[in-house]
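Trainee: Quick one: structure below, then a few questions.
Just so it is clear, none of the values below were taken in a lab; they were calculated from the coordinates. Remember, predicted model here, so these are calculated numbers, not experimental data. Neighbour counts run over all protein chains shown; Cβ positions are idealised from the backbone, glycine included.
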Amino acid sequence: MITLEHDHLTFRFPDVHPDARCDIDFQRTLRIPDDDRTYYLPPGLGSFPLRHIDDFADRLPRKMVRRGGVVMPIHQAEALWINFDAAYPVAVKIATGKICAIIGQQWEEGLSQDPQNYVVLPKQPWLDGYCVEEGVIRQFVAMPLGDGYTAEEQLTGEAVHGGLQIAAYPMKRKVYEKLFPPARKPGMVFDVAYDAAPPAMEMGLAPGGRMRQEIYDDPHGLDVWDEANGSRCFVTMANSAQWMAMTGERPPTVPPTARQYAEAGLPWFDYYDADHEAIAGAEELAGLKSVKAMGQKLGKSPLPESESSGVPVVVLKPKATTHTSHAGKGEGP
Amino acid sequence: MPHFGTTARQIRERLRESDRRFSLRQVARRVGVEPAYLSKIERGVVAPPSEATTVRLARELDQDPDVFLAMAGKVSSDLQEIIRRRPKLFAELIRQLREAPDEAIFRVVRVVRDGDW
């Protein structure tokens, strides 16, 4: 079961184990420059608001309501990262527009190991983008669905789904109890009269600038995950105007630019976990055009200025007891 | 219910063992209070702080804000507003669930609906 708590999606698997749960939220952040450089992790600027999509069913297209899940606001060209928090091991699949952000293939139910199409919690603390090379991702950047920038449109030629899709599978109880004995345990839908969305209402995610981030290999193997007891969620992304029309609430303000952040002398982050191996990037994802490159191809300038400059870097390390994140709780360099 | 100040201090000191950013002074600065005031809160010399400060402290220590507010003898203003809008319904619901085990409460909690996609 999935509940919405303080703008976090909380996945619980009470039929598997009382401790089997994980929290996922979407962090506002700076958009890193979309150039040939590879950047460190940008900061977290707080969680995006999340609402049940059913709460706005009477003013949304039927297709959108049928998908269920939640809805969040996001500005065009705004970036996000996905924050994971779990003590119990959980395998999590992430897709944008039903394209897997790890291997670049179309969404299929279940997990696969060759290639690995999921991340393993709690060792994977966050995901900032598409896995394009070993140790390198391209940042998730929101663009209007239908303008040709999203990973979905680049790989399928169609603008159908948009948003984010998540599925989570807990570790099987027997495996968990063997690997982590108790003493060592880690810490309403309305029918609507119309079906077509106005153009550019929905947002999808597209590849932005390059960033250092490793997607860790599954150290357990596919057999340990309880695929019969998974949960999944569709996260619809609404642009600012759509969000205000839907909820009557103002969306969060536009984040500062990378240059403004750097000029304020604030740090970027790096994460280092020597105990885990990173998986390779996906060819399909490596071949995607970044938003800037696609804009050049289309003869448009979709991104506002985004230059950066030299900035201090804070190194984050894995911890057993503290929830470290590039929201700022790290150890100094 | 555990004592608010004692619990906050225990959690902060545990975090400080591996991260010096959780010293009294640094946590007080990030929460927006004077170190002397946070020290008094932790020792129970003064009453728990305002709702906003309690929530900031909970988030700083990676704790659930509602649990911290309950320890401070408070209920968040958004929950109060929910109850005030439909007092009879929510008062009855809460009384009905008073002794229910957690699993039973989770069965009535609103879940995020999965659909066709």
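Trainee: For region A:216-282, build the convex hull from the C-alpha positions and give me its volume per residue in Å³.
Mentor: Output value, Cα hull per residue: 212 Å³.
Trainee: Taking every residue in A:14-20, how many Cβ atoms of other protein chains lie within 10 Å of its Cβ, on average?
Mentor: Mean number of neighbouring Cβ atoms from other chains: 1.
Trainee: Could you pull the Cα extents of region A:118-170 along its three principal axes, largest to smallest, in whole Å?
Mentor: The Cα atoms of region A:118-170 stretch 36, 25, 17 Å along their principal axes.
Trainee: Next question. Pairs of Cα atoms under 8 Å, at least six residues apart: use those to get the relative contact order of chain B, whole percent.
Mentor: Computed over chain B, the figure is 20 percent.
Trainee: Pull up all non-local amide H partners of residue A:46: gap of 5 or more, or a different chain, and H-to-H distance under 5 Å with H placed in the peptide plane.
Mentor: Placed amide hydrogens put A:28 under 5 Å from residue A:46.
Trainee: Applying the Karplus parametrisation 6.51 cos²θ - 1.76 cosθ + 1.60 with θ = phi - 60° to the phi angles of region B:88-96, what ³J(HN,Hα) value in whole Hz is obtained for each residue in order, glycine and proline being reported as x?
Mentor: Rounded to whole hertz, the list is 5, 5, 6, 4, 5, 4, 5, 5, 4.
Trainee: Mind listing the phi-derived Karplus ³J(HN,Hα) values for region B:5-20, rounded to whole Hz, using 6.51, -1.76 and 1.60 with θ = phi - 60°, and x for any glycine or proline?
Mentor: Result, rounded to whole Hz: x, 4, 5, 4, 5, 4, 5, 4, 5, 5, 5, 5, 4, 10, 8, 5.
Trainee: Averaged over B:100-112, how many beta carbons belonging to a partner chain fall within 10 Å of each residue's beta carbon?
Mentor: The shielding value for this peptide is 4.
Trainee: Let me ask something else. How crowded by other chains is A:1-13, given as the mean number of beta carbons from other chains within 10 Å of each beta carbon?
Mentor: Per-residue shielding by partner chains comes out at 3.
Trainee: Which of A:98/A:172; A:93/A:123; A:93/A:172 have a Cα-Cα distance over 19 Å? The partial results should precede the final answer.
Mentor: Details: A:98/A:172 26 Å; A:93/A:123 14 Å; A:93/A:172 17 Å.
In this structure, A:98/A:172 exceed 19 Å between Cα atoms.
Trainee: Something else now. Could you grab the relative contact order for region B:4-71? Cα pairs under 8 Å, six or more apart, rounded to a whole percent.
Mentor: Numbers: 62 pairs, mean separation 22.2, N = 68.
Over region B:4-71, the number comes to 33 percent.
Trainee: Could you work out the helix-only [θ] at 222 nm for chain A, with each DSSP H run of four or more residues adding -39,500 (n - 2.57) and the total divided by the number of residues, to the nearest 500 deg cm²/dmol? Intermediate results must be reported in sequence, preceding the final value.
Mentor: Numbers: 7 runs with 44 residues, N = 333.
After summing the helix terms and dividing by residue count, I get -3000 deg cm²/dmol.
Trainee: Among the GluC sites (Glu not before Pro) in region B:1-107, which ones are in a DSSP loop with at most 15 other Cβ atoms within 10 Å of the Cβ? Mind listing them?
Mentor: The qualifying sites are B:17, B:99.
Trainee: Could you compute the net charge surrounding residue B:55? Neighbours are other residues with a C-beta less than 11 Å from the C-beta of residue B:55; K and R count +1, D and E count -1.
Mentor: With Lys, Arg at +1 and Asp, Glu at -1, the neighbours total -2.
Trainee: From a point 7 Å beyond the Cα of residue B:98 in the direction of its Cβ, which residues of region B:57-77 have a backbone N at a distance under 20 Å?
Mentor: Zone members listed by number: B:70-71, B:73-76.
Trainee: I need the peptides B:24-37, A:225-238, A:99-112 ranked by packing, meaning the mean over residues of other C-beta atoms within 10 angstrom, with the highest value on top. Spell out each step's value before the answer.
Mentor: Values: B:24-37: 15.5, A:225-238: 21.4, A:99-112: 18.9.
By packing density, highest mean first, the sequence is A:225-238, A:99-112, B:24-37.
Trainee: Please list log₁₀ I(q)/I(0) at q = 0.23 Å⁻¹ for region B:4-71, using the Debye equation with identical point scatterers on the alpha-carbon positions.
Mentor: Once normalised to I(0) and log-transformed, intensities are -0.97.
Trainee: Take every Cα-Cα distance within the protein assembly as shown, group them into 20 Å bins from 0 onward, and report for each bin the whole-number percent of pairs it holds.
Mentor: All Cα pairs, binned at 20 Å, distribute as 23, 58, 19, 0 percent.
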